[in-house]
Amino acid sequence: MNINYLTNPDFKDLEFLIKNIPENFDSTGIVIKNDRNEIRITELNGIKVVAKSFKKVTVANRIIYRFFRKSKAQRAYEYGLILKEKGINTPLPVGYIDQFSRFKLKKSYFISLFVDNNSVFTAIKEAATEAERETILKELAQFIFQTHSKGVFHRDLNMGNILYEKKENSGQFHLIDNNRMSFRKPSLSARVNNLKYINLPIEQYAVLMVEYTRFLENPHYVLRRILHAQERQIKVKKILNIIKKPFKIF
């Protein structure tokens, strides 16, 4: 089996431990998630890290990742460094490992520093007052706007992929699950297309979008475009769920 791996130069002294993560993964640390992917918190020489094993990869994609495209782990590592360069908060990438057979990707792992924050979804849900919830939503809108303005578009922009930390004067946000990213000019179309995937109740989504569009020219027009795109996205999702439902019994 061939192994392709890379360690962040800031963590060169951990290279041997990182390289051996696949061998020890199933018995190391604490499992915090185990569905589409398995995520564990562990320590490497006293440094707390998150190790993610990408599990549900189709056979076709395994072949594609072997010969034609970077693996999810490699993209998560490289995109994380790009986010850092652009001044966007994300857990610092520590390294990645890809294991290949002759013809396909076998296993893939991404390692980052541990950030002890809840998702913004949890923060919104557990807000003590409506005013606190609205503050979080407005700060989140500002964070997403700044991210877009730097040409960064997270292609899985759901509330589980943004971490939130309450600071003294304002909240701080971190992007995670960064293997699906695009970097492009922040056109209005790019903004609208990205915002339609946000998974919030319509009342909260409206608060978020009113704050987001406040920084753009002709905000009322942009707001209508965003809400229309989000409404269409919800309808498409419902139709897809109906189509998929009969196949779940197999």
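The values are calculated or read from the model by the stated rules, or taken from the named source; none is laboratory data. Predicted, not measured: the structure shown is a model, and the values here were computed from it. For neighbour counting, all protein chains shown are included, and Cβ atoms are generated from backbone atoms with ideal geometry for every residue, glycine included.
Based on this model, can you work out whether GLY95 counts as of a type in the set (Gly, Ala, Ser), surrounded by 21 or more Cβ atoms within 10 Å (Cβ to Cβ) and under 30 Å from GLN142 (Cβ atoms)? So GLY95 does not fit the description; no.
Could you tell me whether ARG69 is exposed (fewer than 15 other Cβ atoms within 10 Å of the Cβ), of a type outside the set (A, V, I, L, M) and not assigned by TED's automatic domain parsing to the domain that holds ILE30? Judged against the criteria, ARG69 is not a match.
Here ARG102 meets each of (1) among the charged types (D, E, K, R); (2) out of contact with any strand residue (DSSP E or B) (no Cβ under 7 Å at 6 or more places or on another chain); (3) modelled with pLDDT under 85; (4) within 21 Å of ARG36 (Cα to Cα) with one exception, condition (4).
Take ILE136 and decide whether it is over 30 Å from ILE3 (Cα atoms), among the β-branched types (Val, Ile, Thr) and not assigned by TED's automatic domain parsing to the domain that holds ASP10. Before you say what the answer is, go through the steps one by one.
Values: over 30 Å from ILE3 (Cα atoms): yes; among the β-branched types (Val, Ile, Thr): yes; not assigned by TED's automatic domain parsing to the domain that holds ASP10: yes.
Judged against the criteria, ILE136 is a match.
Taking the conditions exactly as written (touching a helix residue (DSSP H, G or I) at 6+ places or on another chain (Cβ under 6 Å), in contact (Cβ under 8 Å) with a residue 24 or more places away in the chain, among the charged types (D, E, K, R) and not in a loop (DSSP other than H, G, I, E, B)), does LYS138 satisfy them or not? Yes.
Taken over the stretch 176-222, the criterion of being at pLDDT below 95, within 24 Å of PHE121 (Cβ to Cβ) and of a type in the set (Phe, Trp, Tyr) is satisfied by TYR197, TYR205, PHE215. Once the stretch 106-158 is narrowed to residues that are among the small types (Gly, Ala, Ser) and crowded, with 19+ Cβ neighbours inside 10 Å, the residue that is nearest to GLN230 (Cα to Cα) is ALA141.
Report the residue count in the stretch 20-35 for those that are without any contact (Cβ under 8 Å) to a residue 24 or more places away in the chain and closer than 21 Å to VAL115 by Cα. Can you show your working first?
We begin by selecting, within the stretch 20-35, every residue without any contact (Cβ under 8 Å) to a residue 24 or more places away in the chain; these are 20, 23-24, 26-35.
With closer than 21 Å to VAL115 by Cα added as a condition, the list becomes 28-35.
Result for the stretch 20-35: 8.
If the condition is being under 18 Å from SER71 (Cβ atoms) and at pLDDT below 90, then the stretch 26-53 contributes ARG36, ASN37. Scanning the stretch 182-199 for residues that are in contact with a strand residue (DSSP E or B) (Cβ under 6 Å, 6 or more places away or on another chain) and surrounded by 16 or more Cβ atoms within 10 Å (Cβ to Cβ) turns up just one, ASN194. Of GLY87, GLY95, GLY171, GLY80, all but one fail to be small (Gly, Ala, Ser) and at pLDDT below 95; the exception is GLY171. Of the set (1) within 30 Å of PHE215 (Cβ to Cβ); (2) in contact with a Lys or Arg (Cβ under 9 Å, 6 or more places away or on another chain), all apply to PHE121 but (2).
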